[in-house]
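Bear in mind that the values in this text are calculations on the coordinates, not laboratory data. Worth saying up front: this structure is predicted, and the values here are computed from it rather than measured. Here the Cβ is made from the backbone with ideal geometry for all residues, glycine too, and neighbour counts use every protein chain on show.
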């Protein structure tokens, strides 16, 4: 498990000019989001700001939602690197229980922080936001459960259930309450995750 997980968005091989354009477009998108938010970003404005042709932008992302899916994919890669090789307890070197708690809390923080991008990534052809289910979550949680040796009758299903607690749609729903700041919601969910894991892993 402690090996890089290939994310779904970028091909394994990419022409140098295409790679440069991708990096430029992602950086430009981040600038525009910081200035104006997700609602006002358009593909035409992105092309103009980046100094690229509209066709280049449309070939890269295809739809407006594709812009935000690419951002999530890019940030997902960085998150995975922290899980696979970063400092403990998120990365290797801590006990399985501490890593399981840290992973869930970091995943919750990641999705809450990216909630606006995840909502903008909604596509009519996709039932859930991009990034809501990632290859690493279920596999990583299953590995840590195996190291804990809980004697669970079906650790594979338990891993699925715990992964479900970190799904993007659930966290988007929880963070949609305008009466509570998203950061506060994230802290509450993170505390609840720790309580859930400790109860499941209690001897």
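Numerical summary
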| read-out | value |
| --- | --- |
| Residue exposure sequence - 112, 67 - by fewest surrounding Cβ within 10 Å | 112, 67 |
| Residue exposure sequence - 137, 192 - by fewest surrounding Cβ within 10 Å | 192, 137 |
| Sorted by Cβ density within 10 Å, fewest first, the residues 160, 57 | 160, 57 |
| Anisotropy class of the range 7-62 from Cα gyration tensor, a/c 1.5 cut | prolate |
